[in-house]
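Asks: Mind having a look at this structure? Questions to follow.
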Amino acid sequence: MSPLRRSLGRRSFLRSLGGAALIPAVGLPLAGCGGDSGSGGGSGGGGGGKPSGSLTFVYYGDANQQKSYEALFTKFRSEHPEITLKAQGIAAKSWADFANTVSTRLAGGQPLDVVQIATEGQRIFASKGLLEPLDPYIAKDQAMVDAYYKDTSPEIQGWLKQYASPDGKTYYIPGGYNTMALYVSDKIFSAAGVTPPTDTWSWDEFRAAGEAIKSKTGAFLTSVGSGYFTDVMPWLTNNGASTFNEDWTQITFNSPAAVEALTFARSLVVDGFAPKPGGTFDAPTALSQGKIASFGGGRWPTLDLVRLKAVDGVELVKWPMKAKAGSPVGWDAWPILKGSKNKDAAWTLISYLMSQEFGEQTVVGGGAVPARISVATGPSFLQNAPKNTQLLYELLKVATPIPAPNRGAEIQAVIEDAWLQGISGTKDPQTALNDATTKLQSLLT
């Protein structure tokens, strides 16, 4: 969920990271995984002198993001001229391509020090022994880290400990995140005589809005897809369901509540409230043209609406619920690679990423909610954005981390294929989720 990347919600990540062969085995020499040896030299936060040398930071991003990141690091470079920072964006199609490229570079001995890793990849990177424990660095700069944690989500801090630490040590500092809300066109709702909800609304109320919108405006109510984060998890979490239990040890994808959620999503397609799945559908453009009344998203669709000059008249509302209100959540985090030869300099960079100044800089062009609460609820983030954008932060209170066991890439592929079969009518919902559960059992190792 890069603060500068538009597509966190399009989480077809790590598909090629599902097999352990793509990540160097524990103990395999990661030759050169670091910059030029500086005074840090991997001293565990206790090296003397000022860290210096070459440092490589890898993140998910294309040429446009590269320009943005270069601008972000101008002050870091001026404050730390002794560190030569190489910020490298990987222009991948998905988190799968990104993770595959990172693991290939590691296996080939390329120097990597700090890597942006999204929720779904955090457990597998930590479990493979690729990361350096950050506890000594945190202890050295405890006051600075405490100040950062005080201004960041306690929920994400807890989830990182629960899901991304195989041994109780700290391997990640949390970054930006995304939850899932509905972007709603007030103009289309108003033309249909429907008022968007101010708080929660039910599936029945959502369908009723769709009937009015369809009959009076001809627009679709919403879009229905099969993305794990963007489509599957929002419907599940708003019916008290998920793909796995809380500790990701048992599959719950074919529970009655999950089947009910898929059945409802399918009904929106059958009844013409959503376009048929398949092909290319640009929801922000369609909304700006009056062709669709709502679509799901985190922060990243705001960038499209700004580009389309269509922010005015759009607001964020909660996803319609059946059993309980919910949302998936995913976040970026920053580790230090175990093979880094310049760990103290890497920690200096991570310290900069935690700074208030860096958080403020990520607001413009940022596709995720900034980690700092003061920024995520501040005027710079909320201006030139849909009304009620602060909802993305508020949803953390009811959010569920997107489940990503060690073979999360393969698991995601099964989940998305099953959901697509259900919403397209290739299989009935119960059969689709039963068949998927059988496949998932073999991957839950």
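The values are calculated or read from the model by the stated rules, or taken from the named source; none is laboratory data. Note that this is a predicted model, so its numbers are computed, not measured. Every residue, glycine as well, gets a Cβ built from its backbone with ideal geometry; the counts of neighbours run over all protein chains shown. For the accessible areas, the whole protein counts, side chains as well, though only heavy atoms, and no ligand, DNA or RNA atoms are used. Shrake-Rupley method; radii C 1.70, N 1.55, O 1.52, S 1.80 Å.
Asks: Could you check residue 281 against (1) over 17 Å from residue 412 (Cα atoms); (2) open to solvent by 10 Å² or more (accessible area, probe 1.4 Å); (3) at pLDDT 95 or above and say which number it fails?
Replies: Failed condition: (3).
Asks: Right, residue 214: without any contact (Cβ under 8 Å) to a residue 24 or more places away in the chain, not in a loop (DSSP other than H, G, I, E, B) and not polar (S, T, N, Q) or not?
Replies: Values: without any contact (Cβ under 8 Å) to a residue 24 or more places away in the chain: no; not in a loop (DSSP other than H, G, I, E, B): yes; not polar (S, T, N, Q): yes.
Answer is no for this residue.
Asks: Identify all residues within segment 234-278 that are surrounded by 15 or more Cβ atoms within 10 Å (Cβ to Cβ), touching a Leu at 6+ places or on another chain (Cβ under 8 Å) and β-branched (Val, Ile, Thr); write none if there are none.
Replies: Within segment 234-278, 243, 251, 259 qualify.
Asks: Hey, another quick one. Of everything in segment 136-157, what is acidic (Asp, Glu) and either within 20 Å of the chain's Cα centre (by Cα) or closer than 15 Å to residue 334 by Cβ (or both)? Give them in sequence order. Working first, answer last.
Replies: So in segment 136-157, the residues acidic (Asp, Glu) come out as 141, 146, 151, 155.
Matches in segment 136-157: 141, 151, 155.
Asks: Only one of these is under 24 Å from the mean Cα position of the chain (by Cα) and farther than 23 Å from residue 203 by Cα: 302, 252. Name it.
Replies: 302
Asks: In this structure, is residue 420 at pLDDT 95 or above, farther than 28 Å from residue 78 by Cβ, open to solvent by less than 20 Å² (accessible area, probe 1.4 Å) and of a type outside the set (Gly, Ala, Ser)? Even if it seems obvious, please write down each step before you answer.
Replies: Values: at pLDDT 95 or above: yes; farther than 28 Å from residue 78 by Cβ: yes; open to solvent by less than 20 Å² (accessible area, probe 1.4 Å): no; of a type outside the set (Gly, Ala, Ser): yes.
Against the criterion (at pLDDT 95 or above, farther than 28 Å from residue 78 by Cβ, open to solvent by less than 20 Å² (accessible area, probe 1.4 Å) and of a type outside the set (Gly, Ala, Ser)), residue 420 does not qualify.
Asks: Suppose we filter 99, 91 for residues that are in contact with a Phe, Trp or Tyr (Cβ under 7 Å, 6 or more places away or on another chain) and modelled with pLDDT of 70 or more; which single one remains?
Replies: 99
Asks: Of all residues in segment 389-413 being open to solvent by 50 Å² or more (accessible area, probe 1.4 Å) and in contact (Cβ under 8 Å) with a residue 24 or more places away in the chain, which is nearest to residue 147 (Cα to Cα)?
Replies: Among residues in segment 389-413 that are open to solvent by 50 Å² or more (accessible area, probe 1.4 Å) and in contact (Cβ under 8 Å) with a residue 24 or more places away in the chain, the one nearest to residue 147 (Cα to Cα) is 393.
Asks: Which ones in segment 207-222 are of a type in the set (Lys, Arg) and either within 20 Å of residue 284 (Cα to Cα) or open to solvent by less than 10 Å² (accessible area, probe 1.4 Å) (or both)?
Replies: 214
Asks: Still on this structure, I have one more. Do you know which residues across segment 289-309 are among the charged types (D, E, K, R), surrounded by fewer than 20 Cβ atoms within 10 Å (Cβ to Cβ) and assigned to a loop (DSSP other than H, G, I, E, B)?
Replies: Once the filter is applied, which keeps residues that are among the charged types (D, E, K, R), surrounded by fewer than 20 Cβ atoms within 10 Å (Cβ to Cβ) and assigned to a loop (DSSP other than H, G, I, E, B), segment 289-309 yields 291, 309.
Asks: So, in segment 173-206, of the ones that are in contact with a helix residue (DSSP H, G or I) (Cβ under 8 Å, 6 or more places away or on another chain) and in a helix (DSSP H, G or I), which residue ends up most open to solvent (accessible area, probe 1.4 Å)?
Replies: If we take residues in segment 173-206 being in contact with a helix residue (DSSP H, G or I) (Cβ under 8 Å, 6 or more places away or on another chain) and in a helix (DSSP H, G or I), then 191 is most open to solvent (accessible area, probe 1.4 Å).
Asks: A further question follows. Which residues, counting only those in segment 316-346, are assigned to a strand (DSSP E or B) and either more than 20 Å from residue 238 (Cβ to Cβ) or within 21 Å of the chain's Cα centre (by Cα) (or both)? Break it down into steps so the answer makes sense when it comes.
Replies: From segment 316-346, those assigned to a strand (DSSP E or B) are 316-317, 321, 327-334, 336-337; that's our starting set.
Hits for segment 316-346 are 316, 317, 327, 328, 329, 330, 331, 332, 333, 334, 336, 337.
Asks: Counting just the residues of segment 363-378 that are over 21 Å from residue 310 (Cβ atoms) and out of contact with any Gly (no Cβ under 7 Å at 6 or more places or on another chain), which one comes out surrounded by the most Cβ atoms within 10 Å (Cβ to Cβ)?
Replies: If we take residues in segment 363-378 being over 21 Å from residue 310 (Cβ atoms) and out of contact with any Gly (no Cβ under 7 Å at 6 or more places or on another chain), then 376 is surrounded by the most Cβ atoms within 10 Å (Cβ to Cβ).
Asks: In segment 335-362, which residues are of a type in the set (S, T, N, Q) and either over 17 Å from residue 87 (Cα atoms) or surrounded by fewer than 24 Cβ atoms within 10 Å (Cβ to Cβ) (or both)?
Replies: Within segment 335-362, 351, 355, 356, 361 qualify.
Here is a yes/no grid of residues against (1) more than 23 Å from residue 370 (Cα to Cα); (2) in contact with a helix residue (DSSP H, G or I) (Cβ under 6 Å, 6 or more places away or on another chain); (3) outside any loop (DSSP other than H, G, I, E, B):
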| position | (1), (2), (3) |
| --- | --- |
| 56 | no, no, yes |
| 77 | no, no, yes |
| 100 | yes, yes, yes |
| 122 | no, no, yes |
| 145 | no, yes, yes |
| 148 | no, no, yes |
| 166 | yes, yes, no |
